[in-house]
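Following: one structure in structure tokens, then a few remarks.
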Amino acid sequence: MSSLQWPSLAILLILYAWPPLLQAGEFTINPVMVSLDRSVRSGELLVRNDDTAPLRMQVDAMTWRQDAEGKDQYEPADGLIYFPRAMELAPGESRIVRVGVKASPVAQEESYRVFIEELPPAEPGTQAQGASLRVFLRVGVAVFVAPAKVSKAGEITSLGVRGGAAEWSVTNTGNVHFRTDQVTLAGVARDGSVLFTHEFPERYFLPGVMKKLKFDIPHGTCARLATLEASVVGDGLDLRRKLDVDAGSCS
């Protein structure tokens, strides 16, 4: 079965009509990440309706992988048990979604996302009167199932400049994911001044995956560039790599 690709935290927009009014159901999910292993094989998500109107929700679980370029890929999950698959919440009401794993992995962590999606009202009469834009949220909760022996490790495996662009890659060399606080590339001039600092949005690095990152160096800056400094910080890791830049790399 072919895989599906979604953002890490997806927001689905459903247009009823083009309009001056924006509406969105309000709900809270806690926690936003569940960690399971051989000793803890099930967990709970609390979903609360913070809106003044009833909410209809759909729950789906997907296996979460990252491809050779580090992009998120999703396909139906066989290894995760979850219940309920659908629910209705009155204003102020809370419900629990239970998740559990059928079997614990042996060598490498398994990753899933439980997507909780708001559905349209069951009866059209419950919608707001007049033309409106209704926004329905689809939130993905990360679920990780750790192997018996955990090894958390990563490496900046390449860093270079080609055609005025900085290209580098980060590889998760362990057997469990790591989540970063900062993924940064900085350019330093020959006099030691910082020419630029770019923060990348990547946060989750799944085991065995290499993410390729690219940054177009600002025009006129590359010729002044002496050193590139790449860093990945978070989850107990502090990965760093430097590159002395040849002026010829900017052409």
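The values are calculated or read from the model by the stated rules, or taken from the named source; none is laboratory data. Everything numeric here is computed off the predicted structure, so don't read it as measured data. Every residue, glycine as well, gets a Cβ built from its backbone with ideal geometry; the counts of neighbours run over all protein chains shown.
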Original post:
When the stretch 230-251 is examined, which residues are found to be part of a strand (DSSP E or B), β-branched (Val, Ile, Thr) and under 16 Å from residue 159 (Cα atoms)?
Top reply: 232
Original post:
Of the numbered conditions (1) closer than 13 Å to residue 161 by Cβ; (2) touching a Phe, Trp or Tyr at 6+ places or on another chain (Cβ under 9 Å), residue 226 satisfies every one except a single condition; which is it?
Top reply: (2)
**OP:** List the number of the failed condition for residue 17; all other conditions in (1) modelled with pLDDT of 90 or more; (2) not in a strand (DSSP E or B) hold.
**Re:** (1)
Subject >> Single condition residue 165 does not satisfy, out of (1) at pLDDT below 95; (2) surrounded by 20 or more Cβ atoms within 10 Å (Cβ to Cβ); (3) among the aliphatic types (A, V, I, L, M) >> reply: (2)
**OP:** Would you point out the residue of the stretch 20-60, among those that are within 21 Å of residue 79 (Cα to Cα) and of a type in the set (A, V, I, L, M, F, W, C), that is modelled with the lowest pLDDT?
**Re:** 32
Original post:
Does residue 111 count as at negative phi and not assigned by TED's automatic domain parsing to the domain that holds residue 41?
Top reply: no
Subject >> Count of residues meeting criterion [within 17 Å of residue 107 (Cβ to Cβ) and of a type in the set (Phe, Trp, Tyr)] in the stretch 159-177 >> reply: 0
Subject >> Residues that are within 16 Å of the chain's Cα centre (by Cα), surrounded by fewer than 19 Cβ atoms within 10 Å (Cβ to Cβ) and over 16 Å from residue 207 (Cα atoms), drawn from the stretch 55-95 >> reply: 75
